[in-house]
Each structure stands twice: as C-alpha cells, then as structure tokens.
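Data block below; observations after.
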Amino acid sequence: MLTTTVEGVLYYASFLTGLGAPPSSLDWPLLAHGLPYSAAVLGILMAHEMGHYLACRHYNIDCTLPFFLPFIPILSIAGTLGAVIKIREAFPSRKILFDIGIAGPIAGFVALLPLLFYAVSRSTLIPAIEPGPGTREFGEPLLFQLAVWLTLGPVRDGLQVNLHPVGFAAWFGMLATAWNLLDGGHLTYATLGDRSRYVSIATAAFAILMCIFVSLNWALMAILMVAMLYFMGARHPMVLNEYESLGPGRKWLAVFAIAMFILCFTPIPVRIH
C-alpha cells in the first residue's frame, strides 16, 4: 500500500497540473490523494489472484493466498510488480486446470472495467504537450481507446487525454491481464494438450523479437519465458486426467480469453523519451 500510494500521488499531481511536473515533497494531505489509485490497482490485482484462489478452493486444490510484490515508486509504472499465488499440488484434470487458469484474467477484467470507465469520465482533454526528456508515454490498448471514444468522444488532433489516476490503475490491470494471457501456459495446455509446447516456444520467440525490434519493455517478459523454457522445458506438467475433453462451453471461454487479450494488449506499454 505504501509504494502504490506514493505512485498514486505522482499520478494525482500529474493530473492536477495537466501532465506537469511531479511534486517536490510529499505531505499527509497529498498522500491521501494517492489512496484511490492504490485501492484501485491493489483491488484489480486482488480480484485477479482471488479468481485463481477461489477456483482452487472450489476444486479443493492446495494453494496459497496471494502475495503482493511491491516495487520502488518513480522507478516503476505502478508501485508494484503485481501479485502471485503458489499452487502446491498437481491438477486432477484439464477442465479444472482450464477453470483455474481462466478465473484470474476474467475476475481481473471484470474488476478493471468499471474503474476504467469511471476514470475516463473524470478525465479531461487538454492541448497536446510535446514530451520532454525522461517523459513516460503510455501505450493505449484497444479497450482504453474504446472507453475514451464512448465517454469523451473522438479526440481531435492537437488534444490528448489528461487521465485520472484511477485510470492508470485500470491501465496496469489491462497490462497484467494481457501478459498473463500471453504467458497462459495453463490455458493453452488445457485447450490444446501436448501441442501447447509449440505455443510456448512461439510465445517466447515472439517476446524476444518484440524486445529486439519493437521495445525493451519486452525484456523482462522475454527473460522470464526463456528461463522457464530452459529450466522447466516447453511441455506443461501433465494433469492426472490427460485426455479429458473441455466441451463447447469452455472452448467459448477460450475464445473470450483471446478477445480479452486483444482488447488489453499494447505492443509498447511505455515509451521513455
């Protein structure tokens, strides 16, 4: 809460000054204005991880409660690296694996939607500012662009969105959702079976190419994926009921997961000028 609240203060100060300079000092009244962002970003992450956790509890799968990962404000874009849970036993079947894997992204997506539209409704359009040295420029996922278009209307040339701090929490939620689905080994294995290893290799190759040719934003994702392939291999650990069919309902949910990924994905999350 401390690191995300300080990050929220920086976003709040930027919002008040129309994307101007950050505050020179932090006092208690100013820190209070960082709480809405903190509550929003931690709430989205909590919803995501509790989706996984409650699905595990439903199927009596042993797992931990969520662990939140703080990160240094100013050096980060969110004041946190996200949250994780640890699942401590094998999955009994592909259906259970699928349900646990998809519950998190759906729960996080449902949580961020109202926060995104609330934040955009509190945002303003201001004259476009030429980014200075060290300025961070955030990528705009399709879902964000849709929310702006529905709430504020088309953004004319020469204008830009002065986003409410809660909007950055929703933006980080979209980033976490997209990367979770991109790295969705559970979902691809549950849907495709042993063929999912080709998806894992292709996804790692995609992350490396994006890091080299598009943006260094992809460096952490590429390193993590290569490390997982090296230490764990491309094959997902087998479930006890390997040949169980998912059925049409879960296959439609897999299509919905692809739609969530498309809506939340941005190829360059942050550009530093």
Problem set entry | Footprinting exposure proxy for HIS33, HIS52, HIS58 (fewest neighbouring C-beta atoms within 10 Å first) | HIS58, HIS33, HIS52
Exercise. At each listed q (0.17 Å⁻¹), what is the log10 of I(q)/I(0) that the Debye formula gives for the range 1-159 modelled as equal alpha-carbon point scatterers?
Worked result: -1.09
For this session: Could you work out how far apart the two model spin labels at TRP149 and LEU224 are, taking each label as a point 7 Å from the Cα in the direction of the beta carbon, and quote it in nm?
Result: 3.0
Exercise. If each of SER121 and SER245 carries a label point 7 Å out from its Cα toward its Cβ, how far apart are those two points in nm?
Worked result: 4.5
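Rule-based calculations on the coordinates, nothing more; no lab input. This one's a predicted model, so the numbers in the text were calculated from it and none came from an experiment. All Cβ positions, even for glycine, are placed from backbone atoms using ideal geometry, and neighbour counts span all protein chains on display.
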